[in-house]
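Down below is the structure, laid out as structure tokens.
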């Protein structure tokens, strides 16, 4: 599908579902943690500050459904589970890393724009979030 094809509502809806998945806060952090190595569930929880076990499991399940992550259960006692990016996930990690890097490089400009907007619109209504 080409970008021009997104004019069709059905194609746009299909793309939007995946974009929402890969662009959410937790998915981006999972991609970054799995970009270079396979990581066990518990280690992912320790590395991603603030994520609950339930949210991590849900995020990983969603990324697995999209074909970005593979889950491997090892027959140990108790069983250990690790996660890795698939080939598709490694491809997706590249633009995610690029967008994240761009945001970090430009965060001061974004924050300045937010402050200006909030100041200009404070009299009329609450800030947009």
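Values quoted throughout were computed directly from the atomic coordinates according to the rules given, and no laboratory measurement underlies them. Being a predicted model, the structure only gives us computed values, none of them experimental. Positions of Cβ are backbone-derived with ideal geometry, glycine not excepted, and every protein chain shown enters the neighbour counts.
Can you give the angle from 0 to 90° between the axis of helix 9-23 and the longest principal axis of the chain, with both taken from C-alpha atoms, to the nearest 10?
So the inclination is approximately 70 degrees.
For the chain, just the Cα set please: Rg and Dmax, both in angstrom.
18.4, 62
Which order results if 31, 41 are arranged by neighbouring Cβ count within 10 Å, fewest first?
With the fewest neighbours first, 31, 41 line up as 41, 31.
With 10 angstrom as the radius, rank 103, 39 by how many other C-beta atoms surround their C-beta, starting from the fewest.
103, 39
For the chain, find the longest principal axis of its Cα atoms and tell me its angle to the long axis of helix 87-121, 0 to 90°, nearest 10.
With rounding to tens, the tilt is 30 degrees.
On a 0 to 90° scale, report how tilted helix 25-34 is relative to the longest principal axis of the chain, with both axes built from alpha carbons and the result rounded to the nearest 10.
Tilt of helix 25-34: around 40 degrees.
Once you have the Cα-Cα distance between residue 61 and residue 41, take 0.36 nm times their residue separation minus that, and quote the gain in nm to one decimal.
Additional length available on full extension: 6.0 nm.
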